Amino acid sequence: MVNLLIVYYSAYGHIFKMTSTVKEEMKGIDEVRIKMVKVPEFESAKENMSGQEAYVNAQELQEDVPEASLKDLKWADGILWGIPTRFGNMPAQIKQFIDQAGGLWQEGKLEDVVTGIMTSTNTMHGGQETTIITSLIPMIHLGMIYVGLPYGENPELFPAEAKGGSPYGASTVAGADGSRTPVEDELKMAVRLGKRIYKVAKSINK
Ligand SMILES: Cc1cc2nc3c(=O)[nH]c(=O)nc-3n(C[C@H](O)[C@H](O)[C@H](O)COP(=O)(O)O)c2cc1C
């Protein structure tokens, strides 16, 4: 069995839509145990954003998702991260969570864990690629094995119109006002990324 952890942070629900689609689409696969967890929110962010309807609604939808802990990271053979952009980089909430993994790093517990990243930005060129690439740095320090989204498996990477998805990982574009929701091709690629993590983790854990 492969233990696949989906760990994410989603203020406005776009990443949550992507992670829950992957979870839903992969749950029928034999030999995979899937667990989806959300990175804990900062109290300061809850206060700052409590006046935003989009934030409050998205948080309500995620109420039943358990909060991520280091035990989840230890449990995983594969990890799919859902990381929306903050100024082209990962949100502090995710950074804070990963920064607690020093002990796991020391023990080499995350070495050879297969990993991939999904992101979301408001704008097409506002960090689709930089967020994934910069988020990759701590994963490499932790010894994880990164899988991207190769062109061969993802014909959607040649779109006629602007949409998410790059060889670095899955992604969606939320739109300037955040009203665009992940489209079918973006969700398809997200699911394929989840399956790829599973496939590689399975071959390593034989
Ligand atoms: C503080 C802050 C910084 C952001 N920086 C960017 C940015 O650099 N580029 C961009 O396109 N979107 C940016 N956004 C928009 C978010 O990336 C967008 O809300 C997010 O991808 C939506 O995902 P979610 O619904 O899962 O939270 C930013 C949002 C916030 C709150």
Looking only at the stretch 167-202, filter to residues that are open to solvent by less than 10 Å² (accessible area, probe 1.4 Å) and free of Cβ contacts under 8 Å to residues at least 60 places away in the same chain; which one of those is farthest from the chain's Cα centre (by Cα)?
Met189
Scanning the stretch 63-103 for residues that are surrounded by fewer than 17 Cβ atoms within 10 Å (Cβ to Cβ) and in contact with a Ser or Thr (Cβ under 7 Å, 6 or more places away or on another chain), which turns out farthest from Met1 (Cα to Cα)?
Gly88
How about the stretch 46-100: which of its residues are part of a loop (DSSP other than H, G, I, E, B), away from the ligand (no atom under 13 Å from the Cβ) and of a type outside the set (D, E, K, R)?
Ser50, Gly51, Pro66, Ala68, Ser69, Ala76, Gln100
In the stretch 19-44, anything more than 15 Å from Thr181 (Cβ to Cβ), assigned to a helix (DSSP H, G or I) and open to solvent by 10 Å² or more (accessible area, probe 1.4 Å) is listed as Lys23, Glu24, Glu25, Glu43, Ser44
Output yes when any residue across the stretch 11-18 is basic (Lys, Arg), surrounded by fewer than 18 Cβ atoms within 10 Å (Cβ to Cβ) and either closer than 19 Å to Ile83 by Cα or more than 14 Å from the ligand (Cβ to nearest atom) (or both), and no when none is.
no
Of the numbered conditions (1) farther than 23 Å from Val37 by Cα; (2) open to solvent by less than 20 Å² (accessible area, probe 1.4 Å); (3) within 16 Å of the ligand (Cβ to nearest atom), Asn154 fails exactly one; give the number of that condition.
(3)
Collect the residues in the stretch 169-206 that are under 17 Å from Thr19 (Cα atoms) and either among the hydroxyl-bearing types (Ser, Thr, Tyr) or not in a helix (DSSP H, G or I) (or both), keeping them in residue-number order.
Gly169, Ala170, Ser171, Thr172, Val173, Ala174, Arg180, Thr181, Pro182, Val183, Tyr198
Just a yes or no: is a residue in the stretch 104-119 more than 16 Å from the ligand (Cβ to nearest atom), modelled with pLDDT of 95 or more and more than 21 Å from Ala201 (Cα to Cα)?
yes
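The values are calculated or read from the model by the stated rules, or taken from the named source; none is laboratory data. Note that the structure is predicted; figures quoted are calculated from it, not measured. Don't worry about glycine lacking a Cβ; one is built from the backbone with ideal geometry, like all the others, and counts go over all protein chains shown. Accessible surface is based on the protein model in full, side chains and every heavy atom, while ligands, DNA and RNA are left aside. Shrake-Rupley method; radii C 1.70, N 1.55, O 1.52, S 1.80 Å.
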